[in-house]
Amino acid sequence: MTELRPTRLRPGTLAAAVDRVRAAALASGALQPIETEQERIEDGGVRFVVRRVSSLALKRLEGHRRAARAAAGAPSNPFLPPEPGLLVADVSDTHCAVLNKFYVLDGHLLIVTRAYVDQETLLDESDFAALAACMAEMPSLGFYNGGVVAGASQPHKHLQMVPLPLAPEGPAVPIEPVLAPVAGAAGIVRVPAFGFPHAFAWRESAPAAVAEPTRLAALYRALLEAIGVRAVERGDVPSQSAPYSLLVAGRWMLAVPRAREHFGAISINALGFAGSLFVRDADDLAALRRVGPMAALREVAGR
């Protein structure tokens, strides 16, 4: 078990730090927002939020990425060290919080390990301590992309957090209306509206702060076991036996196994299972409307 130490994050300071660093990073160009047009697709009782990147923004984003690759000359780790202009807070001895350089949602944070840890290493109590400390600061949704097949774009371990609500109107998390049939259910359950393999559980209400990371880690391990993801040793480090997506909300947790990253040309990460999807162009949007987002989620989860 990982030895837990008090977090460095001073309560009540994260939201202001995000706003301050975001303003400075936008002014300096360190932060590159991706402008999108928002659509809604209703399917299976969920009003999915689908954001389509504008062609101009896509061209600018690809230009920035080409320039960054050319400047680096070789693949590099953007988290060792994180770009100073994007660093928001020292969360703990093991983690820091960094703004997502290319972001769709304002305030999108990456909660990154200070030392290199592979993204396919299982989450531990120090990861959940850092995530819980950040989520306690504002209404938010935590998520984790367990491996490239689950949508992870960097091999360095990083959890992510986005402020709620995920859209200006509707529930804070689009999938929440279909959770009603299992409201308050004990243990690990299945949500009837989800046609894809998954494991869902309600979190204990108002746990003591000291116990929170331990409880979250135990629930996470139980959910992974329920979807068939086991711990395997890789270099004496507990790692995942298969890719998965994880959502951590204030009152619940959801784990989904992953069979593939893409539905057609659409990359789907953990936020897709929260009801928030991102497409690059009108053709992708049309394909998603044609089959329905639930079918896309079933496809990437392996049905």
In region 166-204, the residues that are under 25 Å from V91 (Cα atoms) and either aromatic (F, W, Y) or surrounded by fewer than 16 Cβ atoms within 10 Å (Cβ to Cβ) (or both): E204
Any chance A206 is modelled with pLDDT under 95 and part of a loop (DSSP other than H, G, I, E, B): yes
Any hit, region 130-141, residues being in a strand (DSSP E or B), touching a Lys or Arg at 6+ places or on another chain (Cβ under 7 Å), on the phi < 0 side of the Ramachandran plot and modelled with pLDDT of 95 or more: no
2 or more residues in contact (Cβ under 8 Å) with a residue 60 or more places away in the chain, surrounded by fewer than 22 Cβ atoms within 10 Å (Cβ to Cβ) and in contact with a helix residue (DSSP H, G or I) (Cβ under 9 Å, 6 or more places away or on another chain): qualifying helices (runs of 4 or more DSSP H) within region 212-303: 212-226
Residue ID - surrounded by the fewest Cβ atoms within 10 Å (Cβ to Cβ), chosen from residues in region 39-55 that are out of contact with any Leu (no Cβ under 8 Å at 6 or more places or on another chain) and at pLDDT below 95: S55
Only listed residue being closer than 19 Å to Y103 by Cα, modelled with pLDDT of 90 or more and out of contact with any helix residue (DSSP H, G or I) (no Cβ under 6 Å at 6 or more places or on another chain), chosen from G85, G63, G29: G29
Subset of region 227-249 [under 21 Å from P192 (Cα atoms) and under 20 Å from the mean Cα position of the chain (by Cα)]: I227, Y244, S245, L246, L247, V248, A249
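The values are calculated or read from the model by the stated rules, or taken from the named source; none is laboratory data. As the structure is a computational prediction, the values presented were derived from the model and not from experiment. No Cβ is skipped: glycine too gets one built from the backbone with ideal geometry, and neighbour counts run over all protein chains shown.
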